[in-house]
1. Can you tally the net charge around B:Trp311? Count Lys and Arg as +1, Asp and Glu as -1, for every other residue whose Cβ sits under 12 Å from the Cβ of B:Trp311.
2. Could you work out the mean count of beta carbons from other protein chains within 10 Å of each residue's beta carbon in B:361-372?
3. Can you compute the FRET efficiency between A:Leu96 and B:Lys292 using 1/(1 + (r/R0)^6), with r the Cβ-Cβ distance and R0 = 45 Å? Round to the nearest 0.05.
4. Excluding B:Tyr122 itself, calculate the net charge of residues whose Cβ lies under 15 Å from the Cβ of B:Tyr122, where each Lys or Arg counts +1 and each Asp or Glu counts -1.
5. Starting from the Cα-Cα distance between B:Ile253 and B:Glu63, subtract it from 0.36 nm times their residue separation and give me the gain in nm to one decimal.
6. Distance in nm between label sites at B:Leu344 and B:Leu130, each 7 Å beyond Cα in the beta-carbon direction?
7. Under 25 Å Cα to Cα from A:Lys77, which lysines show up? Leave out anything in the same chain fewer than 8 places away.
8. At 7 Å along Cα-to-Cβ for each site, give me the label-to-label distance between B:Asp270 and A:Arg74 in nm.
Amino acid sequence: MSFLPASNKPGLLTGIYLTNAISGPLTIFWNWAPANVAGATKRAFVTAMVGGLFAAGAVIGPQSFQARDAPEYRPAKITILATQIAGGCTTIALFLYYVWQNKSRRADESHWAEDAFMSPEVWARMTDKENKRFRYSY
Amino acid sequence: MIFLVISISVERTSLPPKMSEPEKDSSAIAEEQSLTDVDDAWKFLDKHRDAVPSSSTSSSSQEGILLAIRRKNDWRIVPLGFLCYTMQFMDKLVLNYAGVMSMRADLRLTGNDFSNLVTATYIATAVWELPTVWLLQRFPVAKYMAINVILWGISTACGAAAKDYSTMMVTRVLLGIFEATINPSLMLIAGRWYTKPEQAPRLSLWLQGLGVGQIVGGALSYGFQFVSPENGGLAGWRILFITLGVATVVIGIATYLFLPDNPMEAPWLDDGEKVALLKHISVNQTGVENKKFRSAEIWEALRDPQVWLIWASVVLFAGTGGIVVAYSATLIRNLGYDPKQATLLNMPSGLISITVMAVPAWAIRRGQPRWAWALAVLLPAYVFFSFPFISPTYIFLFFFLY
């Protein structure tokens with residue numbers, strides 16, 4: 001679609017609109033990260049870095065568009081495809097990591113239910129790694 | 001490993017006594033024990049053991065009470081977060097809109113000046129995240145965020161007074177610094193009021209500010225392109241900066257006044273409702289409020305594979321997202337449309353963003369897996385960008401990698 005002739009304006013416009021689908025996975029990571037990181041300092045650290053990487057990505061990404069590649073911007077398109085595929089791979093790796101972590105924790109103790117809410121252990125200052133009853137969501 | 005074991009045992013021994021000691025009152029416990037290692041939510045629960053929601057009658061179910069609490073929270077928390085996030089994006093984007101107006105000429109921008117201004121905001125944000133880690137932990141998160149919103153609104157408005165490249169640069173760097181807190185703050189705030197599945201649609205709605213910002217910003221800038229200095233005195237782009245800056249300050253003040261830092265401070269909930277809500281979100285096990293900075297957790301995060309995988313994914317996806325945001329208006333203009341048409345034609349981009357954010361959030365709320373939805377929404381982008389390479393070899397490679 002990004003290869004259509006310049007005269008095909010509706011086609012190219014549709015293509016430009018479709019690329020905005022990229023916001024999808026980012027949104028998922030926005031609620032995935034805070035779901036799986038426990039511990040007040042660890043949460044602040046990980047979420048702040050996520051914010052920083054949002055910004056860093058926004059700076060690095062456009063560097064792939066070089067004026068000398070105009071008007072086709074083929075290297076930029078290859079870069080985008082490569083980063084998307086790499087992002088797909090890290091997503092799968094994260095999923096497998098969580099499955100593996102939860103499996104090794106299952107033997108330990110059961111997951112906290114809401115009935116345990118008054119138990120100080122539920123509110124103790126523990127990270128997801130320290131708290132063996134923590135279960136990752138994926 | 002040893003360090004982990006030690007830190008766990010320290011945690012366990014320093015825990016406050018269990019609830020089975022009713023003869024001790026909680027203030028006495030607080031005096032003799034260090035309560036810094038337990039969440040503030042527990043201290044609240046401890047003080048309000050017998051509290052029941054005033055709305056609860058014999059006929060009302062626990063689910064019904066929670067639904068009512070959630071609805072109240074939604075009306076008081078979600079709109080403010082959404083407005084802050086929308087302004088965060090519009091105040092960044094205003095530069096792009098000013099760029100297709102007369103700003104480049106008025107500020108005598110040459111060469112890379114314009115793209116440097118865009119980049120500076122993002123770099124300031126990225127760098128300022130480091131001190132933000134500590135600030136977020138030390139200060140009440142909602143109040144800290146609100147003050148930053150007000151300050152970046154002032155920075156945006158000051159952009160209207162820019163005389164040249166360097167004065168504009170100062171306002172954009174300050175904007176980036178004050179905006180650093182918005183992403184982490186909102187993520188932390190969501191975790192204090194909602195369970196994990198409930199967080200997904202709220203966080204997604206906040207991120208919708210990106211799409212909405214694109215649409216509203218486009219419409220505003222379209223309107224201001226008809227303002228010329230002759231009939232008003234100020235150039236259209238300067239009025240745009242002032243308008244957005246003032247709107248941001250107003251939203252920041254509202255956030256400061258109306259967004260509490262945690263459920264314990266919510267004026268719209270009675271003690272019983274607060275207890276019910278804290279009980280409901282206790283399954284998150286991610287805590288509500290604990291202001292003690294624990295550096296051991298930074299080291300743990302740095303050695304945690306999930307953290308690196310999350311960061312890697314975010315930077316990979318944000319990189320491409322940045323391209324789209326930065327280039328969609330330009331690409332449309334390059335198709336041969338004039339600036340006014342280009343701003344209008346870029347508005348459907350916002351609609352696409354809204355769709356791909358809303359659908360997965362809705363699915364996650366219903367318990368569907370995050371990872372599968374992340375891959376599913378990647379597909380359109382894969383298809384679009386792989387089009388130039390369509391040949392049997394590429395298709396094979398594409399599906400092999402996918």
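1. Values: positive: none; negative: B:Glu129, B:Asp304.
That sum, taken over residues with Cβ under 12 Å, equals -2.
2. Values: counts 5, 0, 1, 6, 1, 0, 1, 0, 3, 13, 13, 4.
That works out to 4 on average.
3. 0.85
4. Values: positive: B:Lys92, B:Arg172; negative: B:Asp91, B:Glu129, B:Glu179.
Net charge around B:Tyr122: -1.
5. On the way: separation 190, 0.36 × 190 = 68.40 nm, distance 3.41 nm.
Taking B:Ile253 through B:Glu63 to full extension adds about 65.0 nm, to one decimal.
6. Reported label-point gap for B:Leu344 and B:Leu130 is 4.8 nm.
7. A:Lys9, B:Lys92
8. It is 7.2 nm.
Read the figures in this text as sums done on the coordinates, not as results from a lab. The structure displayed is predicted, hence computed values, not measured ones. Here the Cβ is made from the backbone with ideal geometry for all residues, glycine too, and neighbour counts use every protein chain on show.
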